[in-house]
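**Q** One structure coming up, written as structure tokens, with questions to follow.
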């Protein structure tokens, strides 16, 4: 079994996957800066929800039969196609690598 700490006393940092994504093009950066706030669900930002109270997914998508979460949606093509093919489903896309 691996020791819980490295010889220098620091914890081992295990990470499976990438730590950095592709750099955004200028047009993508501009869209992110101008459109993200309008597309993000309310109560997600630190300013709106400093206590980090849980969100109510049903309130975000009233009338939807189900809620799906896609993590790592890249350019969004698959997320958009999924949304078009499933109009009765609420979709949230989370991209952890925005750089």
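The values are calculated or read from the model by the stated rules, or taken from the named source; none is laboratory data. Quick caveat, the model's predicted, so the values are computed rather than measured. Cβ atoms come from the backbone with ideal geometry, glycine included; neighbour counts cover every protein chain shown.
**Q** Is it true that residue 42 is at pLDDT 85 or above, part of a loop (DSSP other than H, G, I, E, B) and over 17 Å from the mean Cα position of the chain (by Cα)?
**A** Values: at pLDDT 85 or above: yes; part of a loop (DSSP other than H, G, I, E, B): yes; over 17 Å from the mean Cα position of the chain (by Cα): no.
It is false that residue 42 is at pLDDT 85 or above, part of a loop (DSSP other than H, G, I, E, B) and over 17 Å from the mean Cα position of the chain (by Cα).
**Q** Okay, moving on. Would you say residue 16 is modelled with pLDDT under 85 and out of contact with any strand residue (DSSP E or B) (no Cβ under 6 Å at 6 or more places or on another chain)? Even if it seems obvious, please write down each step before you answer.
**A** Working: modelled with pLDDT under 85: yes; out of contact with any strand residue (DSSP E or B) (no Cβ under 6 Å at 6 or more places or on another chain): yes.
So residue 16 fits the description; yes.
**Q** Considering 65, 10, 3, which residue is over 16 Å from the mean Cα position of the chain (by Cα) and at pLDDT 85 or above?
**A** Criteria check complete, one pass: 65.
**Q** Just name the residue that is surrounded by the fewest Cβ atoms within 10 Å (Cβ to Cβ) out of those in region 50-90 that are in contact with a helix residue (DSSP H, G or I) (Cβ under 6 Å, 6 or more places away or on another chain) and either farther than 17 Å from residue 39 by Cα or in contact (Cβ under 8 Å) with a residue 24 or more places away in the chain (or both). Show your work before the answer.
**A** Step one: list which residues in region 50-90 are in contact with a helix residue (DSSP H, G or I) (Cβ under 6 Å, 6 or more places away or on another chain), which gives 67, 70, 73.
From the residues that got through so far, the ones that are either farther than 17 Å from residue 39 by Cα or in contact (Cβ under 8 Å) with a residue 24 or more places away in the chain (or both) too are 67, 70.
On the way: 67: 13, 70: 16.
Among those that are in contact with a helix residue (DSSP H, G or I) (Cβ under 6 Å, 6 or more places away or on another chain) and either farther than 17 Å from residue 39 by Cα or in contact (Cβ under 8 Å) with a residue 24 or more places away in the chain (or both), it is 67.
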